[in-house]
Amino acid sequence: MKKDWYVGIDVSKKWLDVAIFAEDSDLKGYIHTQVDNDKHGYKELLRWLKEHDVDVSSCMYGMEHTGFYSDGLQHFLDKKGYKYTMLEPAVIKHYPIQPREKNDRLDAAKIADYLFRFNDTIKLSTLPDKTMEELRNLHRERKFYVEDRVCYMNRKQAVGKEEAKRLDKMIENLDRMVDSIEEKIRNIIQENELLMESYLYLTSITGIGFVNAVNAIVITQNFTAFKTARDYASYLGVAPHTKTSGTTVRWKPKPRKHCDLTAKADISQAAKIAVVHDIELKRFYERKCNGKNDADTIRKAMNAVKFKLVLRMFAVVKQKHTYKQLDTI
């Protein structure tokens with residue numbers, strides 16, 4: 001009888017911690033090794049697995065999304081045609097089987113254990129096509145420069161004139177770099193019919209401009225990586241989740257804290273524009289506020305507007321039509 005193998009990989013900048021699932025063992029007893037996070041390390045990983053009689057071509061590999069650090073391994077596995085899945089960090093962080101210790105070796109073991117227990121529901125991952133990958137890399141680069149620019153602009157408010165002048169030059173350079181990257185992103189979108197179609201649908205929504213449209217296209221891989229609008233809203237941290245237990249625990253629905261904070265900030269700006277220029281959302285926002293003007297009420301009302309925008313984004317792309325705003329009050 002053929003045995004199924006599950007390999008959990010904890011990815012860090014310099015190395016990979018790897019664990020093989022063992023059915024009759026606790027997490028600490030899983031076979032473990034550590035290899036470099038480079039091409040030589042990936043080959044060493046396969047040799048190590050073969051030494052332990054693992055069928056490297058048919059086993060399931062799992063790792064967390066760690067941005068740049070997991071890109072190399074993902075490309076390696078994809079090129080080999082091996083099955084793998086990219087897991088959200090929150091999945092492993094809140095995994096119910098939790099030993100008291102916390103280290104990379106145990107994290108790899110938890111991933112392997114998760115693959116075994118939920119193998120029927122796990123969705124396999126694949127690399128996006130070359131166009132989407134290029135768009136994703138430019139999107140990341142733009143985000144890096146924008147964050148740097150914000151740091152320099154904030155520092156400029158608390159320094160002397162001489163340093164402020166030097167900071168102005170840095171900000172001007174970053175402005176040019178951001179503009180250059182945005183131009184490249186526009187060119188890529190314009191040259192791809194499907195991406196351009198999604199972009200036009202998204203930007204027809206009041207409040208959704210270039211930044212939020214590109215965020216949605218890249219993060220959702222042109223609306224293929226998330227099944228529903230609520231899944232994407234949860235990723236952004238704007239979808240409320242309930243928490244109840246018995247008759248005493250009745251927490252009010254609230255968004256989760258673990259989310260893409262940059263993308264959430266961008267959709268927040270879109271919501272501020274929408275409640276001013278979109279008649280329907282303005283009514284919706286005022287109804288949610290119900291005449292109150294305290295910070296908590298405003299925050300909840302704005303979050304509801306963000307969720308509405310996400311619903312609209314998925315609706316126009318999935319139904320393939322531009323959004324038509326109400327004209328009269």
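The table below gives the values:
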{"item": "Considering residues of the range 146-159 that are of a type outside the set (Ser, Thr, Tyr), part of a helix (DSSP H, G or I) and free of Cβ contacts under 8 Å to residues at least 24 places away in the same chain only, the residue most open to solvent (accessible area, probe 1.4 Å)", "result": "ARG155"}
{"item": "Condition met for ILE92 (among the aliphatic types (A, V, I, L, M), at negative phi and part of a helix (DSSP H, G or I))", "result": "yes"}
{"item": "Single residue of the range 251-305 satisfying the filter (over 22 Å from ASP231 (Cα atoms) and touching a Cys at 6+ places or on another chain (Cβ under 9 Å)) that is most open to solvent (accessible area, probe 1.4 Å)", "result": "ILE298"}
{"item": "Every residue from the range 84-117 that is more than 21 Å from the chain's Cα centre (by Cα) and farther than 21 Å from LYS14 by Cα", "result": "PRO96, ILE97, GLN98, PRO99, ARG100, GLU101, ASP113, PHE116, ARG117"}
{"item": "Which listed residue is open to solvent by 20 Å² or more (accessible area, probe 1.4 Å) and in contact (Cβ under 8 Å) with a residue 12 or more places away in the chain, from ASP38, ASP17, ASP24, ASP10", "result": "ASP38"}
{"item": "Unmet criterion (only one of (1) over 28 Å from SER234 (Cβ atoms); (2) hydroxyl-bearing (Ser, Thr, Tyr); (3) in a helix (DSSP H, G or I)) for THR33", "result": "(3)"}
{"item": "Evaluation of ALA213 against (1) at pLDDT 95 or above; (2) assigned to a loop (DSSP other than H, G, I, E, B) (one fails), failing number", "result": "(2)"}
{"item": "Residue in the range 80-88 that is closer than 26 Å to CYS259 by Cβ, open to solvent by 30 Å² or more (accessible area, probe 1.4 Å) and in contact with a strand residue (DSSP E or B) (Cβ under 9 Å, 6 or more places away or on another chain) present", "result": "yes"}
{"item": "Among the candidates LYS254, LYS264, LYS243, residue that is modelled with pLDDT of 90 or more and of a type in the set (Lys, Arg)", "result": "LYS264"}
{"item": "Matching residues, the range 44-70, being in contact with a helix residue (DSSP H, G or I) (Cβ under 9 Å, 6 or more places away or on another chain) and either among the β-branched types (Val, Ile, Thr) or part of a helix (DSSP H, G or I) (or both)", "result": "LEU45, LEU46, VAL54, VAL56, THR66, PHE68"}
{"item": "Residue count for the range 249-295, restricted to those that are in a loop (DSSP other than H, G, I, E, B) and free of Cβ contacts under 8 Å to residues at least 12 places away in the same chain", "result": "5"}
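Okay, residues lined up against (1) open to solvent by 30 Å² or more (accessible area, probe 1.4 Å); (2) within 26 Å of TYR82 (Cα to Cα); (3) at pLDDT below 90:
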position	(1), (2), (3)
ASP104	yes, yes, yes
TYR114	yes, yes, no
THR121	yes, yes, yes
THR126	yes, yes, yes
MET132	no, yes, no
LEU135	no, yes, no
PHE144	yes, no, no
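The values are calculated or read from the model by the stated rules, or taken from the named source; none is laboratory data. Keep in mind that this is a model prediction, so the values were computed, not measured. Neighbour counts are summed over all protein chains in view; Cβ atoms, including those assigned to glycine, are modelled from backbone coordinates with ideal geometry. Areas reflect the complete protein model, heavy atoms only, side chains present, ligands, DNA and RNA absent. Shrake-Rupley method; radii C 1.70, N 1.55, O 1.52, S 1.80 Å.
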